[in-house]
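Colleague: Let me begin by handing over the structure; questions about it come next.
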Amino acid sequence: MDNELVALLRELVSTPSMNPYTADTLEPGYGEAQVAERVAAFLRRAGVAVELREVRPGRPNVVASLDGPGGGDPLLFVAHLDTVPVEGMTVPPFEAKVDGGRLYGRGACDNKGSLAAMLTALTRVAEKKANHCPLLLVATMDEESSYGGIRAFLADGPRARAAVVGEPTQLEVVVAHKGALRCAIATHGKSAHSSHPDQGVNAIYRMMPLVADLEALAQELPTRAAHPLVGPPTLSVGTIHGGLTINTVPDRCTIEVDRRLLPGESVDEAAAEIQAIVERHGATTHELFTGLPFEVSQDAEVVGLASAAAAAVLGEAKVVGVPYGTEASAVLRAGIPAVVLGPGDAAQAHSADEWVDLAQLDAAARIYQHIMTTAAC
């Protein structure tokens, strides 16, 4: 086990970088600036060229580059800086405690384990000048909410021959995943005193049959044709809010819906299916987020590079699909073939006792290093 790698991950986990989602201002502990500064400082100490690119106030991307004698377009490595909040955690979120071969804390698995392993691999390669191809690493802000960081980075038109996106995949090579269409739906009523409910229109009552129709759709979707790697499409109602006080008839009720999309599935058709239910009940809706599905050809060069590296380090390589979404969909849409690969189990992402296996962390750094040093330009 590389003690310096573990120390780096402990530093990253102990630095809060929670994503504020839709908040207009950054409260203490929220935003990526502090952890971005630490990532940049680590790279500068290793002599790697690095810059902070502010996407939103106090929320930068970190972009590092390493020249290679082979020239040409670089290999791109992507890992995000932000984490979900810490409410409900059963372990101290920022102590980065090590116990039983695991490191605990918010972001240990999602996604600072991948980030620490990529940073370590890049600095090892830089020290030995072991790469032939140029290398580019971006540590992104706002992955957990809207992919704002990777979209801003790609909007600048960077060239890359291929990309490795770090996420907890248990070191399996992910070549396909679902997308997500998220929307808010509101029913509207008329407020009144609860002692005279007949004088109002209860928006919560109006929402109930709409939710029932969404539940029927959610039950029907898994019966449709499944993707061989990621399974069937799904739908879930994740939140519901309505009313101001117990003695007031509510004039508004809002739900948030998460529809998971298969590679090849039409976003517009999925949205239209939800919109038909919304209109049937006289409700309104607005889109919160769309992350496209992802699928790269298993014949792509980057799949071979990642599989060879995993096999060299682990003795075998598994090529799989997963049901969650990642920044790889945005990378692929920009014309850059990508795979998703990193330490940790997605079941631990966002969990109350989030942790990462340190043996996987060490192996991830060696896999990334193998990709960086064996790619021919």
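We did not get these values from a lab; they are worked out from the coordinates using the rules stated. Because the structure is a prediction, the values reported are computed rather than measured. Note that we place each Cβ from the backbone using ideal geometry, even for glycine, and neighbour counts take in every protein chain shown.
Colleague: Rounded if a/c is under 1.5, else prolate if a/b beats b/c, else oblate: with a ≥ b ≥ c from the C-alpha gyration tensor eigenvalues square-rooted, which is the stretch 1-157?
Modeller: Oblate.
Colleague: Indicate, rounded to the nearest 5 percent, the antiparallel portion of the DSSP beta bridges found entirely in the chain.
Modeller: So the antiparallel bridges in the chain amount to around 70 percent.
Colleague: Distance in nm between label sites at residue 288 and residue 184, each 7 Å beyond Cα in the beta-carbon direction?
Modeller: A separation of 0.9 nm, rounded to one decimal place.
Colleague: Please list, in order along the stretch 188-201, the HN-Hα scalar couplings obtained from phi with the Karplus expression 6.51 cos²θ - 1.76 cosθ + 1.60 (θ = phi - 60°), rounded to whole Hz, x for Gly and Pro.
Modeller: 10, x, 9, 6, 7, 5, 5, 6, 10, x, 5, 8, x, 10
Colleague: Also: Select from the stretch 140-209 those trypsin sites (Lys or Arg not before Pro) which occupy a DSSP coil region and have at most 15 other Cβ atoms within 10 Å, ordered by residue number.
Modeller: The qualifying sites are 159.
Colleague: Show log10 I(q)/I(0) for the stretch 249-367 at q = 0.11, 0.17, 0.22, 0.24 Å⁻¹, two decimals, from a solvent-free Debye sum over equal Cα scatterers.
Modeller: -0.56, -1.01, -1.32, -1.42
Colleague: Over the residues of the stretch 296-355, compute the C-alpha Rg and express it relative to 2.2 N^0.38 Å.
Modeller: 1.27
Colleague: Counting only residues 5 or more places away or on other chains, whose amide H sits under 5 Å from the amide H of residue 172 once H atoms are built in the peptide plane?
Modeller: Excluding prolines and chain starts, which carry no amide H, the hits are 342.
Colleague: Across the stretch 1-88, how large is the tail of the calculated P(r) beyond 14 Å, expressed as a percent of all Cα pairs?
Modeller: The share of Cα pairs beyond 14 Å in the stretch 1-88 comes to 70 percent.
Colleague: Contour minus end-to-end for residue 377 and residue 52, with contour as 0.36 nm per residue of separation and end-to-end as the Cα-Cα distance?
Modeller: That works out to 114.3 nm of additional length.
Colleague: I've got another one for you. Compute the separation of the alpha-carbon centres of the stretch 254-320 and the stretch 106-179 and state it in Å as a whole number.
Modeller: Here the two parts' Cα centres lie 19 Å apart.
Colleague: Could you give the length gained by full extension between residue 34 and residue 226, i.e. 0.36 nm per residue of separation minus their alpha carbon distance, to one decimal place?
Modeller: 64.9 nm
Colleague: Residue by residue, what Karplus-based ³J(HN,Hα) values in Hz, rounded to whole numbers, does the stretch 14-24 have, using 6.51, -1.76 and 1.60 with θ = phi - 60° and x for Gly and Pro?
Modeller: With the stated coefficients, the stretch 14-24 comes to 6, 9, x, 8, 6, 7, x, 6, 9, 5, 7 Hz.
Colleague: If the chain between residue 94 and residue 73 were fully stretched, how many nm would it gain, using 0.36 nm times the residue separation less the Cα-Cα distance?
Modeller: Residue separation times 0.36 nm, minus the Cα-Cα distance, leaves 3.8 nm.
Colleague: Around residue 109, which amide H atoms from residues at least 5 apart in sequence, or from another chain, sit under 5 Å from its own amide H, with H modelled in the peptide plane?
Modeller: 355
Colleague: Related question: List, in order, the whole-Hz ³J(HN,Hα) value for each residue of the stretch 33-39 obtained from phi through the Karplus relation with A = 6.51, B = -1.76, C = 1.60 and θ = phi - 60°; use x for Gly and Pro.
Modeller: My calculation for the stretch 33-39 gives 4, 5, 6, 4, 4, 5, 5 Hz in order.
Colleague: How big is the Kirkwood radius of the chain, worked out from every pair of different alpha carbons and given in Å to one decimal?
Modeller: When all Cα pairs of the chain are included, the Kirkwood radius is 21.9 Å.
Colleague: A further question on this structure: Count neighbours as other Cβ atoms within 10 Å of each site's Cβ, and list the trypsin sites (Lys or Arg not before Pro) in the stretch 68-130 that are DSSP loop with at most 13 such neighbours.
Modeller: 129
Colleague: What Cys residues in the chain have no fellow cysteine's beta-carbon under 4.7 angstrom?
Modeller: So, 109, 183, 253.
Colleague: If each of residue 194 and residue 23 carries a label point 7 Å out from its Cα toward its Cβ, how far apart are those two points in nm?
Modeller: The answer from the label model is 3.0 nm.
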